Amino acid sequence: MSSLHCFFNSSIGRKWIVSITGLALIGFITVHLLGNLSIFLGPDAVNGYAANLHHLGKLLWIARLGLIAAAVLHIYFTMLLWRENRQAHPQKYAVKQTLETTLYARTMRLSGLVVFGFVLFHLAQFTWEWVNPESKEWMDAAGRHDVYRMLVSGFSNPWVAGFYLLSVGFLALHLSHGIASLFQTLGLTSEKLRPRFECAGKIVAWTFFLGYASIPVSVFLKLLSN
Amino acid sequence: MNFHLRIWRQDHEKVKGFFEEIEAVNIPADASFLEMLDMVNNRLIEKQKVPVAFESDCREGICGTCSMVINGIPQGPGRGAACQVYMRSFCDGETITVEPYRAASFPIIKDLVTNRKAYDRIVQAGGFISEHTGGAPDASATLIGKHEADRAMDAAACIGCGACAAACPNSSAMLFVGAKVTHLALLPQGQPERKERALNMVRAMDEEGFGNCSNYYACEAVCPANISASVIATLNREYVAAACRSVAE
């Protein structure tokens, strides 16, 4: 068996793939959030941002394929590790003790599943535009796709906004364990650094929540309107 | 003091186990948990019943032989091994549940006794150093920095009791393997086999069927030797560095 094959078949190698792909996905949500926040600069800014993104052409597709690969690997290897973990621990204790383990850590699969379900809905709503097909026709004065109007009208639906808030909440839960955990898996922590990574991870996770939640909340408060 | 015990009884690995309700009466408050089990066993023997099988050796908290799970906590509540748990830390009349370690890699031999040879086999795969035979070298012959020596000694405190894998919801042995790899990687004597050690011990760990670390840190919470989960980060680092070098070679 080659050394590389050995590495990807080992528990640590597989965990490395989960953490590296997790890091790539965090990179994506950072860029995505910064792009989204341009909505606060007005319709012109966010419509221009969206148009520029689509003008990237091949580059956009390379990024998209990379992102899909990262998501697929992240989920596939997590499921593989989960299956092994269940086999390794077939019988639970009669007296259940959580022993240090945080709520975030214990709910990683649930939070991951909610986020995955949300991503599919989010793509259907704003990328494929299946939820409100008429929004495909909306153009602004400059002849660009009116992303601003699409977002504001999308989030005007309380069910859509509510599901969005719930999902970014679950994303923050996922990252509250995930960020610190990936640094531990990459071997970048020490006894002194680990509590700091854990604290910083939670701050970053809930900063993502505030950033993402600010858009539907602003629509609800009529700070953003058509 | 009186206690209501729920103790796991299982004749061997192939049969189904069950909880037996046993009353422990007139137990002195300063008896250790194992002494309490001795008293219960003596009374069972007097009544011509089969005593509860459990492991113990040093009974002073340094060998890690006493592998049992008391009220869901491997090696019992508080720091230290199960033999360091005293009955005064329980309430009079309390129900105490005693189970064996639950991990596929630690099969049950009888009652509270599990087979922990998987840890021995992991150590045999790389938890050793090469040394000259003959007279012991001068203690000052090899210089080691204070900081490195302290960190290596902290990791070397691992007694291999198995509480880490027993406490882990995934039954991962990463704290144990991390302690062994960290201990030897920090010292000059551990350098010749450093790369092979990380690769071989992790391979042995995976082959034994232990789960994968999810960074829950339950292991760190129960470790009787106070091993920090930072040894797991060190193991991750050592393993990947070794794997990269073996790919490059």
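The values are calculated or read from the model by the stated rules, or taken from the named source; none is laboratory data. Predicted model, so just to flag it, every value in this text is computed and none were measured. Cβ: placed from backbone, ideal geometry, glycine included. Neighbour counts: every protein chain shown. Surface areas here come from the heavy atoms of the whole protein model, side chains and all, with no ligands, DNA or RNA. Shrake-Rupley method; radii C 1.70, N 1.55, O 1.52, S 1.80 Å.
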Residue by residue through the stretch B:107-131, note down the ones that are in contact with a Pro (Cβ under 8 Å, 6 or more places away or on another chain) and over 30 Å from residue B:30 (Cβ atoms). B:108, B:115, B:129, B:130
Taking the stretch A:86-127 on its own, how many of its residues are facing another protein chain (nearest Cβ under 8 Å) and among the hydrophobic types (A, V, I, L, M, F, W, C)? 6
Could you tell me whether any residue of the stretch A:22-43 is over 25 Å from residue A:225 (Cα atoms), within 14 Å of chain B (Cβ to nearest Cβ) and among the β-branched types (Val, Ile, Thr)? no
Yes or no: the stretch B:137-159 includes at least one residue that is surrounded by 24 or more Cβ atoms within 10 Å (Cβ to Cβ), in contact (Cβ under 8 Å) with a residue 12 or more places away in the chain, away from chain A (no Cβ under 11 Å) and in contact with a Phe, Trp or Tyr (Cβ under 8 Å, 6 or more places away or on another chain). yes
Considering every residue within the stretch B:66-78, establish whether at least one is modelled with pLDDT under 95 and open to solvent by 90 Å² or more (accessible area, probe 1.4 Å). no
Residues that are closer than 13 Å to residue B:40 by Cβ, open to solvent by 60 Å² or more (accessible area, probe 1.4 Å) and away from chain A (no Cβ under 12 Å), drawn from the stretch B:2-27: B:2, B:21, B:23, B:25, B:26
Residues of the stretch B:227-249 being at pLDDT 95 or above and outside any helix (DSSP H, G or I), which ones? B:227, B:228, B:229
Residue count for the stretch B:191-212, restricted to those that are open to solvent by 10 Å² or more (accessible area, probe 1.4 Å), without any contact (Cβ under 8 Å) to a residue 60 or more places away in the chain and at the interface with chain A (Cβ under 7 Å from one of its Cβ atoms): 1
Given the condition within 30 Å of residue B:136 (Cβ to Cβ), open to solvent by 30 Å² or more (accessible area, probe 1.4 Å) and either modelled with pLDDT under 95 or away from chain A (no Cβ under 11 Å) (or both), answer yes or no: does some residue in the stretch B:163-181 qualify? yes
Residue check: is residue A:180 within 19 Å of residue A:28 (Cα to Cα) and in contact with a Cys (Cβ under 9 Å, 6 or more places away or on another chain)? yes
Quick one: count up the residues across the stretch B:233-249 that are of a type in the set (A, V, I, L, M, F, W, C), within 7 Å of another protein chain (Cβ to nearest Cβ) and open to solvent by less than 10 Å² (accessible area, probe 1.4 Å). 2
So, in the stretch B:213-232, exactly how many residues are on the phi > 0 side of the Ramachandran plot and open to solvent by 10 Å² or more (accessible area, probe 1.4 Å)? 2
Among the residues listed as B:99, B:55, the single one being among the charged types (D, E, K, R), at negative phi, open to solvent by 40 Å² or more (accessible area, probe 1.4 Å) and touching a residue at least 40 places away in the same chain (Cβ under 8 Å): B:55
Of A:129, A:134, the only residue that is surrounded by fewer than 19 Cβ atoms within 10 Å (Cβ to Cβ), assigned to a helix (DSSP H, G or I) and charged (D, E, K, R) is A:134
